[in-house]
Amino acid sequence: MAAPLVNAPKRVRRGEVFEVRTLISHPMETGFRPGTNGTIIPRDIIEHVRCRFAGETVLDMALSPAVSANPYLVFYVRADAGGALEMEWTGDKGFSASYSTAIVVE
Amino acid sequence: MNVGCTRRAFAGGFAVALLPLAANATPETMREAIREVTGDRAVRGGRIVLDIQPLIDNGNTVPMRVRVESAMTDGDRVTALHVFNEKNPQPHVLSVRFGPRAGRAEIATRIKLADTQKVVAVAEMSDGSLWTAGIDVIVTIAACIEGLE
Amino acid sequence: MKQGSAAVAFFALLAATALAQGIADPRRSGFDDMGTALQAIQRDDFSNPAALWLAEGESAWNRQAGSAGKSCADCHGGPENMRGVAARYPAYDTMLGRVVNLDGKIEDCRIRRQKADPLPHESRARVALEAFVARQSRGLPIVPPDEPNVGAAAAAGSALFTRRMGQLDLSCAQCHEQRAGQRLAGSIIPQGHPTGYPVYRSEWQSVGTLQRRLRNCMIGVRAEAFAYGSPEFVALEAFLMRRAAGMTIETPAVRP
């Protein structure tokens, strides 16, 4: 599986609100679909996406099977102080992925 | 024209995949799911912009943007945002809790819609007030669906 | 175009007449037939989920593989050297002595030059490499080679295109020429041009090749689909590329 793709600015001005865009490979199998042999394909989804910036929570999103495969998420962060933008995706079957990048606030 | 290449003519695919198996969400189950969030508190229309194209050609990939009007300051914050639907197998789509670093109460993502239906967003504010908005989306499903191989 | 059948002639003639009269080319990409939501995803590289496949393809391009211990980059340099390649495949390969599509040519390089194990058709790694190579030609016009073997393949493809098949007894042309633009259970039947492949197809929730798309159409009319990599599919691809000559490569496109 590919690493998550995260698009965020490297530098922002203090107090600025910046956009973060993320994409991650995942089937988001609903748990309602029959497979080739007629039995239901077990649910396999990302259940949570969390983002922290400079040690504090930006958001915590709970996903259902109704979120599309290869989840795409755009959200907005306030840059009061610089620090690490940390993302975490967790889900069924022990799925876990993370991403971290430093953002300079000037 | 009847070339026979209709959704019903094919095995597998989205229509079969999402619709007939589970007891699907209905307007009532959606209302119940919303009540789990709101309880008996009043829910007012407004403050939310729920943006989905009204006509969608494939329900597997439905772009959605939700924005709640709020300064996102200590005194005026959106604490949580929930999205529900009427006709997928389950009424929940997603829930977002916003923390102190959230710059706006706004997200964009993509969702699955099993049929033409209403999508509803509910926002919880730091002052305890609740706001809602809904949108009707028409979903046409891809015609030639991949057979199960 | 002399080997072309009625179908080639149809679009080629329309295109030529249109150009002569200064009217717009009557050919339209499937892009023009899809809803604004999917169009917006295709227009925005980062929001197109195919970005995930391109990233995988890029790392595969730079990674050593096989017992030769060489990466694509070791022999070919930067991916920009692949610019234009996707616009002229299928092509005749003198070494292999047959017409191959881009996927087949890449696989040939993997096996013969990298001495790597074959990758299954439509496997993620294989599709990702093709998408990455084809992406380098985005924006370029399709220029099928003027070469007799490719011409013969296109002619065979043209015959397949007009042959009725499956329990529904329909030819490709009956949908993609005669009924193009009409609705079929809600979706618009596109003219069926190969401009965007590999594509992210919403129905698949993944990136797939042109042959996977063609298999879907064949299964759709309840015909037995040709095998991946079969001469029939390469012929159909050669024909579709001629029919779309001059149209712009969109890879990786998004489709319903």
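The values are calculated or read from the model by the stated rules, or taken from the named source; none is laboratory data. Keep in mind it's a predicted model, so treat the numbers as computed, not measured. Positions of Cβ are generated from backbone atoms using ideal geometry, with glycine treated the same way; all protein chains shown enter the neighbour counts. Each accessible area value is taken on the protein alone, full model and side chains, heavy atoms only, with ligands, DNA and RNA left out. Shrake-Rupley method; radii C 1.70, N 1.55, O 1.52, S 1.80 Å.
Couple of notes before you dig in:
- Hey, B:T73 within 11 Å of another protein chain (Cβ to nearest Cβ), polar (S, T, N, Q) and free of Cβ contacts under 8 Å to residues at least 24 places away in the same chain or not: yes
- Condition broken by C:V100, with the remaining ones in (1) surrounded by 14 or more Cβ atoms within 10 Å (Cβ to Cβ); (2) within 14 Å of chain B (Cβ to nearest Cβ) satisfied: (2)
- Residue tally, condition open to solvent by less than 10 Å² (accessible area, probe 1.4 Å) and either at the interface with another protein chain (Cβ under 7 Å from one of its Cβ atoms) or of a type in the set (V, I, T) (or both), over region A:81-95: 0
- Hits in region B:104-123 (condition: over 19 Å from B:P54 (Cα atoms), buried (at least 22 other Cβ atoms within 10 Å of the Cβ) and at the interface with chain A (Cβ under 7 Å from one of its Cβ atoms)): B:E106
- Just one of the listed residues (A:R78, A:R21, A:R43, A:R14) is exposed (fewer than 15 other Cβ atoms within 10 Å of the Cβ) and either within 11 Å of chain B (Cβ to nearest Cβ) or not small (G, A, S) (or both), and it is A:R14.
- Meets criteria (closer than 17 Å to B:L94 by Cβ and within 11 Å of chain B (Cβ to nearest Cβ)) for A:H48: yes
- Residue ID - farthest from A:A8 (Cα to Cα), chosen from residues in region C:1-37 that are hydroxyl-bearing (S, T, Y) and modelled with pLDDT under 90: C:S5
- Residue satisfying all of: in region C:197-217; open to solvent by 30 Å² or more (accessible area, probe 1.4 Å) and among the basic types (K, R); nearest to C:I41 (Cα to Cα) among these: C:R213
- Verdict on B:S129 being in contact with a strand residue (DSSP E or B) (Cβ under 6 Å, 6 or more places away or on another chain), more than 9 Å from chain A (Cβ to nearest Cβ), of a type in the set (S, T, Y) and over 30 Å from C:R201 (Cβ atoms): no
- Scanning region B:45-85 for residues that are loosely packed, with under 12 Cβ neighbours inside 10 Å and at pLDDT 95 or above yields one hit, B:G45.
- Considering the conditions (1) crowded, with 17+ Cβ neighbours inside 10 Å; (2) without any contact (Cβ under 8 Å) to a residue 24 or more places away in the chain, C:S158 is excluded by exactly one of them, (2).
- Meets criteria (facing chain A (nearest Cβ under 10 Å), out of contact with any Ser or Thr (no Cβ under 6 Å at 6 or more places or on another chain), in a strand (DSSP E or B) and under 15 Å from A:A62 (Cβ atoms)) for B:R65: no
- Taken together, the residues in region C:43-52 that are in a helix (DSSP H, G or I) and open to solvent by less than 30 Å² (accessible area, probe 1.4 Å) amount to 3.
- Screening C:E224 against (1) among the acidic types (D, E); (2) under 28 Å from C:V133 (Cα atoms); (3) part of a loop (DSSP other than H, G, I, E, B) leaves a single unmet condition, (2).
- Sole residue being open to solvent by 20 Å² or more (accessible area, probe 1.4 Å), assigned by TED's automatic domain parsing to the domain that holds C:P198, at pLDDT 95 or above and of a type outside the set (D, E), chosen from C:A65, C:A40, C:A55: C:A40
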